[in-house]
Amino acid sequence: MTAIPILRPPAFLTCAALLILSCPLPLMAQVNTEFQITKIEPSMPLTPAPSFNGTQKTTPTPKKWLEVEVTFTWKPRLPTEKFADDVAVNYYVLLNNKSAAVPQGTLLNGQVIHTSIPANQTDLRSVMYISPRTLERFFDGKIPTSKEMAIVDIGVTITRQGQVVAEKILKGTGSWWTGLQQTPGYLLNKNETPFAPLYWEYYEAVKKP
């Protein structure tokens, strides 16, 4: 009986296959992606105090919020795609409130879903906020005076149709938030804050719940 030779793939193909299998899923999802996060910019604005006609109420001194602004781009491969819906921007904010109870700090997570994202623009923006009361809650009643005192790091991902299509970290490397306990419910989208009527055309539209 004639022995049937065993065909082996070239060595370079075997190495390439092992390299692909060893890649983390978020990294694989970003290969040839249409989305790209270009900037994460935290800041600490004061509560806005709009003027209006009518009975004026005595209000306390405006307090600082933690604002996280994200700039991203979308360049679709198909020229027929002009707008994108249900684009989710996911925020992971690691607070600098380390203690014996939370030695790495508290990780707050939140998501904002945008609609009518225009194609081929390099200055698309998303934003989420942490309120003064939440900062007081996680910093023993005192609001940090600067963003450097408030945060350890920030991670942001963009998902579309359940797939991660972009990822960026402010300081560190890798998807560090996946190994930490996440605390949802404290990050607010712009429409849930007193900043809602401001900069209407500066940020992308938020999908109604």
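Observations
- Of all residues in the range 192-209, those satisfying the criterion of being surrounded by 11 or more Cβ atoms within 10 Å (Cβ to Cβ) and in a loop (DSSP other than H, G, I, E, B) are THR193, PRO194, PHE195, ALA196, LEU198, TYR199, TYR202, TYR203, GLU204, ALA205, LYS207.
- Figure legend. Inter-residue proximity from the range 59-75: first residues free of Cβ contacts under 8 Å to residues at least 60 places away in the same chain, second residues among the hydroxyl-bearing types (Ser, Thr, Tyr), beta-carbon distance below 7 Å, spacing 6+ or different chains. Indicated pairs: PRO62/THR47; THR71/THR38; THR73/THR38; THR73/THR122.
- Looking across the range 120-149, the residues that are crowded, with 17+ Cβ neighbours inside 10 Å, hydrophobic (A, V, I, L, M, F, W, C) and within 27 Å of TYR203 (Cα to Cα) come down to LEU124, VAL127, MET128, ILE130, LEU135, ILE143.
- Of LYS75, LYS63, all but one fail to be of a type in the set (D, E, K, R), modelled with pLDDT of 95 or more and in contact with a Pro (Cβ under 9 Å, 6 or more places away or on another chain); the exception is LYS63.
- Pairs, first at positive phi and modelled with pLDDT of 95 or more in the range 94-114, second in a strand (DSSP E or B) and buried (at least 21 other Cβ atoms within 10 Å of the Cβ), C-beta under 7 Å, six or more apart: GLY105/LEU94; GLY105/LEU95
- Those strands (runs of 3 or more DSSP E) of the range 73-191 in which at least 3 residues are not polar (S, T, N, Q), considering only elements entirely within it, cover 87-95, 107-114, 121-130, 151-160, 163-169.
- Remark: pairs (first residue in the range 191-209, aliphatic (A, V, I, L, M); second residue at pLDDT 95 or above and part of a loop (DSSP other than H, G, I, E, B); Cβ separation under 8 Å; 6+ apart in sequence or on different chains) = ALA205/THR115; ALA205/SER116; VAL206/THR115.
The values are calculated or read from the model by the stated rules, or taken from the named source; none is laboratory data. Source: prediction; values computed, not measured. Backbone-built Cβ (ideal geometry, glycine too); neighbour counts: all protein chains shown.
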